[in-house]
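What follows is a short report on a single structure.
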Amino acid sequence: MTPRTRLPAGLLAGGLALGTLAGCSFTANGVTCSTSSCSVTLTGDGAEVDVFGQTLTLGSVQDGQATLEAGGATVTCTEGQSVAAGPLSLECTSIDDDSVELTATLA
């Protein structure tokens, strides 16, 4: 292995180690994440949050249905329903007049 190939390999290994440590769990702005899923609360039309490198946006809530956008896909879900939106799988756990609680995982 030449020094040129060792440097990127070392950087990649270091980046993976940091990513693993940083991805364990965190809580911020209505989002609680572990390494495999995030619990998200979005309140108000246009509310957005970044999860797993994707921007998740609440379009609107109407008649018990939430319209969500992620990864270039627009989907609707009702309470208890799971839908795919781009690279994310979203399970809507609770829907109120202007908010939705959901669990996001990588599909």
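No lab work stands behind these numbers, since they all come straight from the coordinates. Every value quoted in this text rests on a predicted model; they were computed, and no experiment measured them. Virtual Cβ from ideal backbone geometry, glycine too; neighbours counted across all protein chains shown.
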(request) Figure the gain on full extension for THR55 and THR43 (residue separation times 0.36 nm, minus the Cα-Cα span) and round it to one decimal in nm. (result) 2.8 nm
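With an 8 Å Cα cut-off and a minimum separation of 6 or more residues, compute the relative contact order for the stretch 24-106 in percent.
Working: 204 pairs, mean separation 20.5, N = 83.
Relative contact order here is 25 percent.
Using 0.36 nm times the number of residues separating LEU106 and SER36, minus their current alpha carbon distance, what extension gain do you get? Intermediate values should be presented prior to the final figure.
On the way: separation 70, 0.36 × 70 = 25.20 nm, distance 0.74 nm.
Working it through step by step, the gained length comes to 24.5 nm.
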(message) Can you compute the FRET efficiency between THR67 and ASP96 using 1/(1 + (r/R0)^6), with r the Cβ-Cβ distance and R0 = 25 Å? Round to the nearest 0.05.
(response) 0.95
